[in-house]
Each structure stands twice: as C-alpha cells, then as structure tokens.
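Engineer: Below you'll find the structure I mean.
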Amino acid sequence: MGFFQKGVSSIISANWNLDVNWGNKIFRIFYEQWLIHKKTRAQALQQALLQVKKEVDASLPKPPEYYWAGLSLIGDFR
C-alpha cells in the first residue's frame, strides 16, 4: 500500500500471474477507454475485460477465466 501513501489514487492489481499477451491486450483497451474515450477507470476496466472475454477461445490451454478475470481495481474507481 506504499503507492497510496505516495499519492496514487488507484491501482490495478493482478490476482495471479497473467499471460503477458493477454495482459497487454487488456491494458491497451483499458487505457484507450479511459484516456481517449474518457470513461471512468471502472468502466474502462470493465470494457477491457468484456472485450478480452469475447476473444478467449476454448482451445486455449488454461480455463477461459484465467485470461480475463485476473485483475482488480483498488482505490478510486472514477
């Protein structure tokens, strides 16, 4: 929680080790939604997770949730 002591209003935290390619995809969509489309952080993360969830294929080696459900927004969600 040292980030909050230094003034960060929110963080997105990984609940487990994410696949780097899927994590990059989520964050690209998140930042586009947040910074370009001016959605709240919560809305931007929700949009990113929903988009990636649609792309997850049953043929991938891990359960579908592994690829999109591993992130949590902590702090200010606006």
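Only the coordinates and a few stated rules stand behind these numbers; no lab work does. Source: prediction; values computed, not measured. For neighbour counting, all protein chains shown are included, and Cβ atoms are generated from backbone atoms with ideal geometry for every residue, glycine included.
Engineer: Would you be so kind as to identify which of LEU18, PRO63, ALA42 lies farthest towards the positive end of the dipole of the stretch 9-75, taking Lys and Arg as +1 and Asp and Glu as -1 on Cβ and the Cα centre as origin?
Structural biologist: Checked the options; the winner is ALA42.
Engineer: Could you order the peptides 15-22, 56-63, 45-52, 32-39 from most to least packed, using the average number of other C-beta atoms within 10 Å per residue? Present the calculation step by step, with values, prior to reporting the outcome.
Structural biologist: Working: 15-22: 11.6, 56-63: 9.2, 45-52: 17.9, 32-39: 13.4.
Descending packing order for the listed peptides: 45-52, 32-39, 15-22, 56-63.
Engineer: Oh, and also: Enumerate the calculated ³J(HN,Hα) couplings along the stretch 6-22 in order (Karplus 6.51 cos²θ - 1.76 cosθ + 1.60, θ = phi - 60°), each rounded to whole Hz, writing x wherever the residue is Gly or Pro.
Structural biologist: In residue order, the calculated couplings are 8, x, 5, 8, 7, 9, 9, 10, 8, 7, 7, 5, 8, 5, 4, 5, 6 Hz.
Engineer: Pulled fully out, how much extra length does the chain show between ARG28 and ILE11, if you take 0.36 nm times their separation in residues and subtract their Cα-Cα distance?
Structural biologist: Values: separation 17, 0.36 × 17 = 6.12 nm, distance 1.55 nm.
Full extension of this stretch gives 4.6 nm more.
Engineer: Sticking with this one: Quick check on the chain: take the gyration tensor over C-alpha atoms, sort the square-rooted eigenvalues as a ≥ b ≥ c, and tell me if it's rounded (a/c under 1.5), prolate or oblate.
Structural biologist: Working: a/c = 2.67, a/b = 1.52, b/c = 1.76.
Taking the square roots of the gyration eigenvalues as a ≥ b ≥ c, the chain is oblate.
Engineer: How big is the dipole moment of the chain about its Cα centre under a simple scheme where the beta carbon of each Lys and Arg is +1, that of each Asp and Glu is -1, and everything else is neutral? Debye, nearest 20, please. The partial results should precede the final answer.
Structural biologist: Values: 10 positive and 6 negative charges, 57 e Å.
Using only the charged Cβ atoms, the result is roughly 280 debye.
Engineer: Do any of LYS6/LYS38; LYS25/LYS54; LYS6/LYS39 go past 19 Å between their Cα atoms, and which?
Structural biologist: Numbers: LYS6/LYS38 25 Å; LYS25/LYS54 12 Å; LYS6/LYS39 25 Å.
As for pairs spanning more than 19 Å Cα to Cα, those are LYS6/LYS38; LYS6/LYS39.
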